[in-house]
């Protein structure tokens, strides 16, 4: 089926809609077609570009088409910087390959705003000691685009920036990240008329890679950018993407790939991931970033998609000193907590990093690249397809399905698929494919993670038992059931069958009970909240039936420095296997400060207030509670009950 009705049928030419009523565009996700093609020996050619475009066209059915048959959700391609092409296309001299970077930039159409953005960008780059060599307006052809897409089209320019003397390419890439954030933060702050959706947006800024993308259908990408048809436009790899927004409004900047990432699926943990990335701001220090790390915040901007936020986090880790496969294993870990077959070395790796970084859980199929390595990986749920083959002449093709590139069967030497939690690494510098077991074992054995765990982690189950004082209850069973929100439905339909049969009763999805916020009956606090997930594409999953791929492990205590690459931290963290604590567990935590050498100090706060004050007294009670909590933290307590 080539024409899928996307929610963008209701979109106006202004790009993403504004929040309205119960709708918030921040809750959007997408599901798409993903592919990559690479010469394993790092041999650059224009045929890689042609193959990438062919794969993209053959994934057309995975993209979205609205009522307007020429309006798509987005398509794009990430390639190595085509030095030979830029030498020919630019009307100014370029340094040697690798001694300059290219910023691919979407500018606003308004001339005055565009001039202000250009001026601000030049000033911000100068403040970071980067000099602009020149700029190039990217040629384009709109004959195959819808008028609705043309109305939102930005002005596209390439800004060429020289590499400062005395630094290597990795340091240059780190400098480019810092400079890009300074530019974006400056423009979004000083030019409020420019939004970061269809206004100003830096698509990519690197000495190794460049991204060509837009709000296209698959076949429109190559037609829109004449650059991609030039025979001197060469690369050894191409990551392509065709977007299908299951419930998302498209825009030019939300097309994939991002600076290092192309993604098929959803990051269903995105809200927590973004919040935790912001929360660790106070605990992060890096020898590589130095004092410049403060310029990088925020890691993600408001209104970005789930993949854009993931890409920001990935780039942050890679520029901070992690290798691309290492960062991918931190962000998208395989199932380790419930896997009895995993060896202790690899388990220690994942358990140590679980305290550093929360998993970005999908379903997700990812293709990642820094221009020197390509990582293809599936998250531990494995609910997105990724099939690949390798040819005799060193070509590897991976895509959301088989048959995306027409290669004679006799030329294919290997066929397989990515499995849940598995990873495929194409090391272009070494000219080889690194298998899942090799790359993970190499990284797991690189440092003594078991020793680091023993030094920094306390497991709640290992703490000595402390007798819990039994709660004194004088109320009847009925009074207690009412106090804890039990209903006749809970008892008759849920609890009684569970007690008599030993299993949970089966029911259909959905509820016809009033929303707690609209009910005239008192409800428990948790009933006011609903799980946030992409219902369109996900099968039912829960931590009981899917124990092998799900983990309920939580951590309590100070957040460690994510860039402690040498394991120097002495900060202890308390590992809790699952989030429901018994009274005995609480007593263990309450007395944890009595155990030597753990830096934990627990305090208990009273959250009750006089019932005579009624509901009106809650505001003051909460304010007082926060003041007391803040005071206890300043006194040195780091666990509050």
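The values are calculated or read from the model by the stated rules, or taken from the named source; none is laboratory data. Everything numeric in this text was worked out from a predicted model, so none of it was measured. Cβ atoms come from the backbone with ideal geometry, glycine included; neighbour counts cover every protein chain shown.
See the values below:
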read-out: Test for residue 176: is it touching a residue at least 60 places away in the same chain (Cβ under 8 Å), assigned by TED's automatic domain parsing to the domain that holds residue 74 and under 29 Å from the mean Cα position of the chain (by Cα); value: yes
read-out: Residue 579 crowded, with 16+ Cβ neighbours inside 10 Å, in contact (Cβ under 8 Å) with a residue 24 or more places away in the chain, under 19 Å from residue 639 (Cβ atoms) and outside the structural domain of residue 354 (by TED's automatic domain parsing); value: no
read-out: Residue within the stretch 381-390 that is touching a helix residue (DSSP H, G or I) at 6+ places or on another chain (Cβ under 9 Å) and farther than 26 Å from residue 278 by Cβ present; value: no
read-out: From 429, 422, 392, residue being in contact with a strand residue (DSSP E or B) (Cβ under 7 Å, 6 or more places away or on another chain), touching a residue at least 24 places away in the same chain (Cβ under 8 Å), farther than 30 Å from residue 598 by Cα and not assigned by TED's automatic domain parsing to the domain that holds residue 548; value: 422
read-out: Criterion (at pLDDT 85 or above and either in contact with a helix residue (DSSP H, G or I) (Cβ under 6 Å, 6 or more places away or on another chain) or closer than 26 Å to residue 590 by Cα (or both)) met by exactly one of 465, 436, 411; value: 465
read-out: Scope the stretch 512-521; condition surrounded by 10 or more Cβ atoms within 10 Å (Cβ to Cβ) and modelled with pLDDT under 80; matching residues; value: 513, 514
read-out: Unique match (being more than 29 Å from residue 286 (Cα to Cα) and surrounded by 24 or more Cβ atoms within 10 Å (Cβ to Cβ)) among 369, 365; value: 365
read-out: Test for residue 221: is it assigned to a helix (DSSP H, G or I), touching a strand residue (DSSP E or B) at 6+ places or on another chain (Cβ under 6 Å) and closer than 25 Å to residue 428 by Cα; value: no
read-out: Within the stretch 301-334, considering residues that are part of a loop (DSSP other than H, G, I, E, B) and over 18 Å from residue 356 (Cβ atoms), the one modelled with the highest pLDDT; value: 305
read-out: Residues being over 30 Å from the mean Cα position of the chain (by Cα) and either modelled with pLDDT of 95 or more or outside the structural domain of residue 81 (by TED's automatic domain parsing) (or both) - total across the stretch 100-113; value: 0
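Okay, residues lined up against (1) touching a strand residue (DSSP E or B) at 6+ places or on another chain (Cβ under 7 Å); (2) surrounded by 19 or more Cβ atoms within 10 Å (Cβ to Cβ):
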{"position": "97", "(1), (2)": "no, no"}
{"position": "100", "(1), (2)": "yes, yes"}
{"position": "104", "(1), (2)": "yes, yes"}
{"position": "131", "(1), (2)": "yes, no"}
